[in-house]
Amino acid sequence: MLLTLISLFIIIYPRFSNGKKWTYDGPDGEHHWSSNYPYCGGAFQSPINFQPKLLRYDPDLLPIQLQNYNLSSSEQLTLSNNGHSVQLSLPSRMQLVSLPDQYSAAQLHFHWGSANVLAGSEHAVNGKQFPAELHLVHFNSARYPNISMAVDKSDGLAVLGVFIEVGEFNPAFDQFLKFVQGIKYKDQKVQIPAFNIQKLLPAYLDEYYRYDGSLTTPPCYPSVLWTVFKDPVTISLSQYLTLVNIPSTSNAQESVPVPMFGNHRKPMPMDNRVVLVSFQDSWGLHGSLSVASPMQRRLAIQQLLRGDLADLADEGLHHLLPKLRNKPWAPKKLNSNQRPKPSSQVAKKLPSTLKSAINDDVLCFVSLEKNVSLEVSRRHAESQIIHALKKAVFPKLNLHSYLNCRSDLDLQTIRYLIYSRPGDEAEELDQALTRAIQRQKPLKQHQGSALSKLTRQTKAAGIKNSQDVVFANHRLQAAEWED
């Protein structure tokens, strides 16, 4: 048995580390990681800063589906201090099933700031860091027998990221924080009762950021499909201080323990990546925005302006049609006591709005349409000028927005482009367009075909949570990496 364990360690250990020490600061800090771990200086690294200009709303992103996350308290989990973070082992029967392949849980761990600096999350939102961040690491158990075989493969890992805010007391976090005193020093481990791991996540799992990235610690393999939830979870200040004050990076034999402060990597370059998001927010991500490239968008417009309309009617309409869905800004009926304002007041506001919109190189047409629609509804101003705007101005604005990857083509814009061409073919294509729309069913929230070419998610991913399915238990191998 001893020889077997030694042989296993020799085989696995080099896959994750070349034995070199690494830290977050100092001579072995992250700026020097690439000297010993080449991938740390490569492309598609994590974490990143989620900036509005990098985000693309994808309505086909399904809510995250989990299985077997509600563990029995009779089961034991290993809580450890690996010298870089607090880590909790997880049984591989815990499944992430809302992706094309099945992913099995391996472990979870944390990144944080310090007692004085409440900014320790690895990912950031428009430059904002949260006090801490939780990572739940899964490996592709449909393709690889264990995590050590999956960790360096391009489709090997899927990590759930959870922002942690300081606020109300969180009883789920206390399930393991009350044992942290037992792992004060590096390499210390304690056995703790299992609990419902899903309670560590946000209540709703349908709003998140999705992108291709890497481990955030050496060896930094670019093998992670990241899902970072938009909504943070909260822990109390005392819970946060327990997490950041007790663990150290030192061994028990060292006389002066070194606190484990600031164990988070700085944001990495985007390297032309796209971040898909499953939600709509105030940044203008309101439409059913595809991830087509600017070149593909220009070709689509050329096809409408100069292509064979007969061929387009037979084959090409499907990829130009906007997805039908109820718009969240649909006007509501006003109470009888709400006085409508004169349409002249609307006319005074529209020119400046349109002027700024036309001069904006990153115009979001959907956001503009929303604002105008709300103004029109609020003021009962469906006048001739509004109809003229929708007929003559909106298509040009939408075309500008579409070519700048800020909106999808609106149906009115498609018709506008078709009828800019001479001949009877335009009328025939318009009729085909009408028939295609009538056949298309409005989309409900979180339904759709493929997620995107980024994640290859399918409708089959919409499996309901279940606790009665037991999968093969792939044993987690010893490793020094974290994410």
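The values are calculated or read from the model by the stated rules, or taken from the named source; none is laboratory data. Everything numeric here is computed off the predicted structure, so don't read it as measured data. In this analysis, Cβ positions are derived from the backbone assuming ideal geometry, glycine residues included, and neighbour counts consider all displayed protein chains.
Side notes on the structure shown:
- Selection of first residues in segment 399-419 that are in a helix (DSSP H, G or I) and of a type in the set (Lys, Arg) and of second residues that are modelled with pLDDT of 75 or more and surrounded by 23 or more Cβ atoms within 10 Å (Cβ to Cβ), restricted to Cβ pairs under 6 Å at least 6 apart or on distinct chains, gives an empty result.
- Of the criteria (1) outside any loop (DSSP other than H, G, I, E, B); (2) in contact (Cβ under 8 Å) with a residue 60 or more places away in the chain, which one ALA172 fails: (2)
- Scanning segment 172-223 for residues that are among the hydroxyl-bearing types (Ser, Thr, Tyr) and within 24 Å of VAL258 (Cα to Cα) returns TYR185, THR216, THR217.
- Evaluated against (1) surrounded by fewer than 23 Cβ atoms within 10 Å (Cβ to Cβ); (2) out of contact with any Pro (no Cβ under 8 Å at 6 or more places or on another chain), ALA119 falls short on exactly one condition, (2).
- Those residues of segment 14-31 which are at pLDDT below 80, out of contact with any Phe, Trp or Tyr (no Cβ under 8 Å at 6 or more places or on another chain) and surrounded by 11 or more Cβ atoms within 10 Å (Cβ to Cβ), in sequence order: ARG15
- Some residue of segment 191-207 being within 27 Å of the chain's Cα centre (by Cα) and assigned to a strand (DSSP E or B): yes
- Residues that are of a type outside the set (Phe, Trp, Tyr) and part of a strand (DSSP E or B) within segment 137-157 comprise VAL137, HIS138, ASN140, LEU157, listed in sequence order.
- Picking from residues in segment 247-267 that are touching a Ser or Thr at 6+ places or on another chain (Cβ under 6 Å), in contact (Cβ under 8 Å) with a residue 24 or more places away in the chain and hydrophobic (A, V, I, L, M, F, W, C), the one that is nearest to GLN87 (Cα to Cα) is MET260.
- If you go through segment 97-114 and keep only what is hydroxyl-bearing (Ser, Thr, Tyr) and either closer than 14 Å to LEU66 by Cβ or at pLDDT 95 or above (or both), you end up with SER98, TYR103, SER104.
- Test result for ARG415, among the charged types (D, E, K, R) and either in the same structural domain as TYR57 (by TED's automatic domain parsing) or modelled with pLDDT of 75 or more (or both): yes
- For segment 86-105, a tally of residues being under 20 Å from the mean Cα position of the chain (by Cα), of a type in the set (A, V, I, L, M, F, W, C) and in a strand (DSSP E or B) returns 2.
- Single residue of segment 218-242 satisfying the filter (β-branched (Val, Ile, Thr) and not in a helix (DSSP H, G or I)) that is surrounded by the fewest Cβ atoms within 10 Å (Cβ to Cβ): THR234
- The residue that is farthest from ALA252 (Cα to Cα), among those in segment 60-76 that are surrounded by fewer than 21 Cβ atoms within 10 Å (Cβ to Cβ) and over 21 Å from the mean Cα position of the chain (by Cα), is ASN70.
- Pair list, Cβ under 9 Å, 6 or more apart: segment 228-243 residue farther than 29 Å from VAL277 by Cβ, other residue modelled with pLDDT under 95 and of a type in the set (Gly, Ala, Ser): SER236/GLY167; LEU237/GLY167; LEU241/ALA115
- Every listed requirement among (1) closer than 21 Å to LYS230 by Cα; (2) small (Gly, Ala, Ser); (3) surrounded by fewer than 22 Cβ atoms within 10 Å (Cβ to Cβ); (4) at pLDDT 95 or above is met by GLY127 save one, (4).
- Only one entry in GLN129, GLN95, GLN87, GLN107 is closer than 18 Å to LEU205 by Cβ and touching a Ser or Thr at 6+ places or on another chain (Cβ under 7 Å), namely GLN95.
- Only listed residue being farther than 22 Å from GLN107 by Cα and in contact with a Phe, Trp or Tyr (Cβ under 8 Å, 6 or more places away or on another chain), chosen from LEU62, LEU55: LEU55
- Under the condition of being in contact with a Ser or Thr (Cβ under 9 Å, 6 or more places away or on another chain) and surrounded by 22 or more Cβ atoms within 10 Å (Cβ to Cβ), the residues counted in segment 46-56 number 2.
- Residue in segment 264-279 that is assigned to a loop (DSSP other than H, G, I, E, B), surrounded by fewer than 18 Cβ atoms within 10 Å (Cβ to Cβ) and modelled with pLDDT under 75 present: no
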